[in-house]
Each structure stands twice: as structure tokens, then as C-alpha cells.
Amino acid sequence: MRNDPNMSEYFFIAVFAVVALVVVAGILILSAVLGPKNPSPQKTVPYECGIIPTEEAKGRYPVRFATIAMLFIIFDIEVVFMYPWAVALDQLGFFGLIEMFLFIFILGIAYVYIWGRGGLEWD
Amino acid sequence: MIDSVIDFLAPYTFLIVGAVKAVIIAIGLLSSVPLLVWLERRLMGRFQVRLGPNRVGPFGLGQPFADSLKLLFKESIVQNSADKFLFYLAPAVVVFTAIVTFSLIPFGKPFEIFDQKIGMWVANVNVGILFVFAISSMGIYGIVLAGLSSNNKYSLMGGLRSSAQMISYELTLGLAALGVIMITGSLNLQEIVDAQKTVPNILLQPLAFVLFYIAGVAETNRAPFDLPEAEQELVAGFHTEYSGMKFAMFFMGEYINMITMSALITLLFLGGWHSYIIPVPDLLFIGPLLVFSVKVFILLCILIWLRSTFPRIRYDRLMTFGWKILVPLAMLNLMVTSVFIVIF
């Protein structure tokens, strides 16, 4: 661990994460211990501005959210591909530039297609 | 006896120093949250031509502490049909990821004391900025889980909306940061700052700065992009069902994210702890830390200023703005920057 300074850095992140965990758990436990508990039928019903809820909330939701999630996965992976390229752009030079422009061009076709099919519209 | 213990521990000094540093930074970060809440309420008061909190303690500084104590002693209602485990887990995830993200942020020049080189950061990882994005996007889970576990229609809509918003703007965030990474040729945040010794990146990448700032505001769910908690339409969105300290935890996460995002913008675009025009002496670590804090402070004030200036943007416009304007602009910035770097 000592020979690789980078690995010990992850140990510090772990220490920090433990502190964060203690803080989070502490707050949750403290508020559970200190707060009063007087449940009543009115309190334990989902809040809908005074109207009694008629059905479960876990039902259907607009498919738009699913398509946006799919688009995000596609585009975000492209962006992650670009990170190593961006770091090494100096060494890659002109070859890397052409390769990435081809990559962005193909991505652009997909993007224009999605735009044309109305994938980015919210109605 | 003590000597032998010291001898045994000597090779591990850097581990102990690092661990102590981590704890100190965590305490500092957590205690800056009430201060930021106070700052926001005071500034908002001034913007709206009123005084803001000024009764508890000097300048009303005790107000956030009084508020958090009050919230700690409030009943935390968990309604019957909620998924109990996820309901408790959601605010924990939000705060946890917000705190851990800050561990990657360097906020000063490394200095030497007692033959120990001490860096002003918790961890200095070579994939720095990638790690920041990776952990900070985990916070979306907290918001989605809060929306799903509440079993409330408003919460569900709020959770879905905010997750869609955050993932859409994360794309712009990543693409805008690429320009800076290309200029530096490194993902390490400290190296990115060192590369800005003479010229801050904001002058080389003005478009990327604007894009990153807009996306950053949207990522932290701040006005005018505070749609997750649109009070008027969604009754506070994903945290409708939350009360007491669990409710406060969402805001704790939000304020920590504000600090982290401002720090990240400072590191990437404003030259971190380097001061330009005005020379600032090092004084061990105080000088660079002060420069960095001033920059972050100004960015935080701008965030608060934005909140009191702009009305909330409509949801469909938010999504089309993100996908049809910001993403192409970020792509354009990326291509132009890469051409410049290869040719010159």
C-alpha cells in the first residue's frame, strides 16, 4: 500500500465515507429517539392536499421518462468514451482528431434521427 | 514503550495524518452547511427588501442551529403505505453521496510542516473529476427512491421529473468538462488547477464555463431549475411525505452539493487557489485557501442571486433546453477545442 500512493488515497476516501456514514446514521437515530411519536389515522395517509387518496401511487407513469433514461445511457456512454481520448489528445494528434470526428458524426446521425422522430419533445 | 509505539507507527504516519485530515474536513464541511443556509436567508431577505433572520444570536447566526434543533425534536411521520426501508434509506443516500463527493475536491496548495507534506484535500486520485461525476450522480438514487417509496402521487412525479432532469443535464456537465480536460491532458483536479497558473480556463473556454454553470445549477436542483421541488405544482415533489430531520437531510444534501459544485467550477474554470492580478502570499496554507474560499463564496452568492431573480422554468422547456440547445453547444465546443489543440 505504501508503494502505491494512489491506493492509499482511496483509503482516505473510505475514512471520509465512514465519517459520512456515522453522520447520516447519527442524524437518523437521534431524530428517531428525540422526536415524539403520536401517529393518528390522518397522519399516516399519503398527503394529497386534504383529499383522501383513491388509489395506489405506484402505477403507470409517462413513457417519456423511460425514453429519456435510454437516451441518457446511450449518450453518456459516448461521453465516457471521450474522456480517455481527451486526456491523450496530445499524443494521438491528427489521427485521434479524425477518429473522434467520425465518432461524433455517427453520434450526430443518431441525434438528428431522435430529434426528427420527436424523441426530444415533451407534450 | 512510547518510543516503540512511535517506531511501529512511523511508516504509517501518512495514513494517520490522512485519516485525521479526513475527519477535520468532514467536520468543516458539515459546519459550513448552517452558515450557507444563514447566508442564503440573509441575502434572500436583502433581495426582497426585508431583513431576513436577525433575532437569534449576532446577525441571526444562531437561526439555522435553532432550526435544526427544532427539526430534530419534531415527529418524523412515516405514513402507512410507504416502503419503510427505502423511505429511511433515501435521505441517507442523498447526504452520504453529497459528503463523499467532497472528498475529491482539493481546496488549497499542499504545504510542508514537520517534514510532512500535507495536501489540502482528503484524497488526490488520478481519475479525480471522473470520480466526482461518478459519486455525485449516485445522489439521483436518493431522490428517485424518495419519490418511489413515499407512495404519493406528487412524490412519484417529483422523483421521476428530477431524475430525468438530472440525468439530462449531467450530459452537458460531462461534455463541458471535456474541454478543460483536453487543455490540461489530465483528469486529476490538482493538475488541472496547476495548469491554470497564468491563465484561468474561463478565458480559454468561455462557452464551456457558461454551459457547465447552467448544468451545475440544474444538477444541484437550484432555482430556476428547482423543478423537483416545485412547490406550487407538486407540493414539494419528492419530499412531500418527509418531515422532521429526514426532510432537513434533503436540504443538507442540497447545500453540500452547492458547495461542491461551486468548488468544482472554481477548480475547473476559475484557476482554483491561484490568484491573478492581486498577489497573495502563501503563509503556509492560509493564502491559497483564502483565495479559493473567496471564489467559492462569490459563486455561492451568484447561485442565491439566481434564485431570487429568475422564475422557475416550465418542465417541457427545461428538457428541450437541455437536449436541443445545451448538448449541441457542448458538442460544438468540444469539436472546436479539439481542432485548436491538435493544430496549435
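The values are calculated or read from the model by the stated rules, or taken from the named source; none is laboratory data. Small disclaimer: the values here were computed from a predicted structure and weren't measured. Counting neighbours? That spans all protein chains shown, and the Cβs are built from the backbone with ideal geometry, glycine included.
Here are some notes:
- With respect to (1) in contact (Cβ under 8 Å) with a residue 12 or more places away in the chain; (2) in a loop (DSSP other than H, G, I, E, B), the lone exception for B:ILE278 is condition (1).
- Residue count for segment A:28-83 satisfying the condition of being farther than 30 Å from B:LEU318 by Cα and in a helix (DSSP H, G or I): 7.
- Some residue of segment B:94-112 being exposed (fewer than 15 other Cβ atoms within 10 Å of the Cβ) and of a type outside the set (Asp, Glu): yes
- Scope segment B:180-199; condition more than 14 Å from every other protein chain (Cβ to nearest Cβ) and more than 15 Å from B:ALA263 (Cβ to Cβ); matching residues: B:ASP194, B:LYS197, B:THR198, B:VAL199
- Flag if B:ILE16 is surrounded by fewer than 18 Cβ atoms within 10 Å (Cβ to Cβ), more than 14 Å from every other protein chain (Cβ to nearest Cβ) and of a type outside the set (Ser, Thr, Tyr): no
- Total residues in segment B:36-56, condition aliphatic (A, V, I, L, M), surrounded by fewer than 17 Cβ atoms within 10 Å (Cβ to Cβ) and part of a helix (DSSP H, G or I): 1
- As a summary of the residue check, B:THR97 satisfies the conditions (1) more than 9 Å from chain A (Cβ to nearest Cβ); (2) within 24 Å of the chain's Cα centre (by Cα) except for the one numbered (1).
- Pairs where the first residue, in segment A:61-86, is at the interface with chain B (Cβ under 9 Å from one of its Cβ atoms) and surrounded by fewer than 17 Cβ atoms within 10 Å (Cβ to Cβ) and the second is part of a helix (DSSP H, G or I) and of a type in the set (Lys, Arg), C-beta under 9 Å, 6+ apart: A:PHE65/B:ARG161
- Residues of segment B:143-168 that are facing chain A (nearest Cβ under 8 Å) and touching an Asp or Glu at 6+ places or on another chain (Cβ under 8 Å): B:LEU148, B:SER150, B:ASN151, B:ASN152, B:LYS153, B:TYR154, B:SER155, B:ILE167.
- Looking across segment B:8-38, just one residue is touching a residue at least 40 places away in the same chain (Cβ under 8 Å) and in contact with a Leu (Cβ under 7 Å, 6 or more places away or on another chain), and that is B:LEU36.
Residue-by-condition table, conditions (1) within 30 Å of B:GLU112 (Cβ to Cβ); (2) free of Cβ contacts under 8 Å to residues at least 60 places away in the same chain:
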| site | (1), (2) |
| --- | --- |
| B:LEU283 | yes, yes |
| B:SER293 | yes, no |
| B:LEU300 | no, no |
| B:TRP305 | no, no |
| B:PHE310 | no, no |
| B:LEU318 | no, no |
| B:VAL327 | no, no |
| B:ALA330 | no, no |
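- Those residues of segment A:33-60 which are more than 7 Å from chain B (Cβ to nearest Cβ) and farther than 20 Å from B:GLY147 by Cβ, in sequence order: A:VAL33, A:PRO39, A:SER40, A:PRO41, A:GLN42, A:GLY50, A:ILE52
- When segment A:87-101 is filtered for residues that are among the β-branched types (Val, Ile, Thr) and either out of contact with any helix residue (DSSP H, G or I) (no Cβ under 8 Å at 6 or more places or on another chain) or touching a residue at least 12 places away in the same chain (Cβ under 8 Å) (or both), only A:ILE98 remains.
- Evaluated against (1) within 8 Å of another protein chain (Cβ to nearest Cβ); (2) surrounded by 15 or more Cβ atoms within 10 Å (Cβ to Cβ); (3) of a type in the set (A, V, I, L, M), A:ILE114 falls short on exactly one condition, (1).
- Of the residues screened, B:PRO91 is one that is touching a Lys or Arg at 6+ places or on another chain (Cβ under 7 Å), farther than 27 Å from A:PRO84 by Cβ and part of a helix (DSSP H, G or I).
- Test result for B:TYR141, surrounded by fewer than 21 Cβ atoms within 10 Å (Cβ to Cβ), at pLDDT 85 or above and either part of a helix (DSSP H, G or I) or aromatic (Phe, Trp, Tyr) (or both): yes
- Subset of segment B:62-88 that is polar (S, T, N, Q) and closer than 13 Å to B:MET245 by Cα - its residue that is surrounded by the most Cβ atoms within 10 Å (Cβ to Cβ): B:SER76
- Hits in segment B:62-88 (condition: closer than 24 Å to B:ILE140 by Cβ and assigned to a helix (DSSP H, G or I)): B:LYS84, B:PHE85, B:LEU86, B:PHE87, B:TYR88
- When B:ILE325, B:ILE259 are checked against the criterion of being among the β-branched types (Val, Ile, Thr) and closer than 30 Å to B:GLN48 by Cβ, a single residue qualifies: B:ILE259.
- Against the numbered list (1) closer than 27 Å to A:VAL23 by Cβ; (2) free of Cβ contacts under 8 Å to residues at least 60 places away in the same chain; (3) not aliphatic (A, V, I, L, M), B:LYS246 comes up short only at (2).
- Matching residues in segment B:321-341 - criterion: being surrounded by fewer than 17 Cβ atoms within 10 Å (Cβ to Cβ) and within 9 Å of chain A (Cβ to nearest Cβ): B:LYS324, B:PRO328, B:MET335, B:VAL339
- Sole exception among (1) more than 25 Å from B:THR220 (Cα to Cα); (2) in contact with a helix residue (DSSP H, G or I) (Cβ under 7 Å, 6 or more places away or on another chain) for B:ARG55, by number: (2)
- Here B:PHE59 meets the list (1) assigned to a helix (DSSP H, G or I); (2) surrounded by 14 or more Cβ atoms within 10 Å (Cβ to Cβ) almost entirely, failing just condition (2).
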